[in-house]
Amino acid sequence: MPDQVVIRDLGPRSGRYGNEEQETDLTCFVIHHSGGSAASYAPLAGHLPRTWRVIAVELPGRGAFAGGPACGDMAELVARLAPAVLDNAGDRYAVFGHSLGALVAYELAREAERRGAPPVWLGASGSAAPHRLRLPERRDLWSRERLVTFLRELGGTPEEMLEIPDVVDYMVDVLRADLRIVDTYEHVDGPPLSIPISVFSGDADPLAAQELLGGWQERTLAPVRFHTWPGGHFYLFDHLESFCKTLVVDVNSAPVGAGAAVREEKEDAESHG
């Protein structure tokens, strides 16, 4: 496994499912937002099927590797992440990401498809379509004070944590490194994916305006579903049960091998066109 890329079973399985043996029929990777960690998605585990192996991906520079080197850009991150994910994917897997995690999940799916091992489904939450991402300035260059204000305005961080200087220093360092990945990201044009995509959002999310979400349809040959809940950037944690139910329905609706079939059908049409 590449250094400093951590994948963490959300459970563990014995804790989630009791002592009975459970056959895994899908591995679901979840990728956290800027400034987040694998622990951010622990609440999801109890709302997902018992037959799923749910794995949270923890990006470098936090948790057990706090203070260690973070990735400098998306290309480096995906290059380090892909082997860890694919080595643990099993026969059938899905990838979900929120905010920064949505962009990472998308680029990971592209890399996996290039390697001939795509997921069956991609879930993108709280993010504009990758080719429509437009940022007016580099937030990773903001001052400490401005980044703290940013954290406070987005919500999702307990106020008491923002009153502890050492904790704030840690959070700002992690957030700054993650924002560098987002704010220097440039979508490289290429073939669309062949897998279904579900797009999740909060109706008042300042970082994922509704008019920027439709572009996800252009990133795959397969169907795209859109789901919106009341709330801001971290809407999903306010609607955890209904969010997870929707996610499960969409993943279970993804036909086995659908991606390959869609691409073969398109290539066949082009060759006769």
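The values are calculated or read from the model by the stated rules, or taken from the named source; none is laboratory data. If you're wondering where the values come from, they're calculated on a predicted model, not measured in any experiment. Backbone-built Cβ (ideal geometry, glycine too); neighbour counts: all protein chains shown. The accessibility values were calculated without ligands, DNA or RNA, using every heavy atom of the protein model including side chains. Shrake-Rupley method; radii C 1.70, N 1.55, O 1.52, S 1.80 Å.
Quick look at the numbers
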| quantity | calculated |
| --- | --- |
| Average Cα contact separation per residue, the stretch 80-224, under 8 Å, 6 or more apart, as relative contact order % | 28 percent |
| For CYS28, residues with placed amide H under 5 Å, excluding near neighbours | ARG53, VAL54, ILE55, ALA94 |
| Accessible area, probe 1.4 Å, largest first, for residues SER127, SER143 | SER143, SER127 |
| Simple Cβ-charge dipole of the chain, Lys/Arg +1 and Asp/Glu -1, about Cα centre, in debye nearest 20 | 80 debye |
| Sequence of ARG62, ARG138, ARG114, ARG80 from largest to smallest accessible area, 1.4 Å probe | ARG114, ARG138, ARG80, ARG62 |
| Mean separation of Cα contacts under 8 Å, 6 or more apart, over the residue count of the chain: relative contact order % | 19 percent |
| Peptides ranked, highest mean first, by Cβ atoms within 10 Å: ranges 105-113, 167-175 | 105-113, 167-175 |
| Extension gain, VAL188 back to PHE237 (0.36 nm per residue minus Cα-Cα distance, nm) | 14.5 nm |
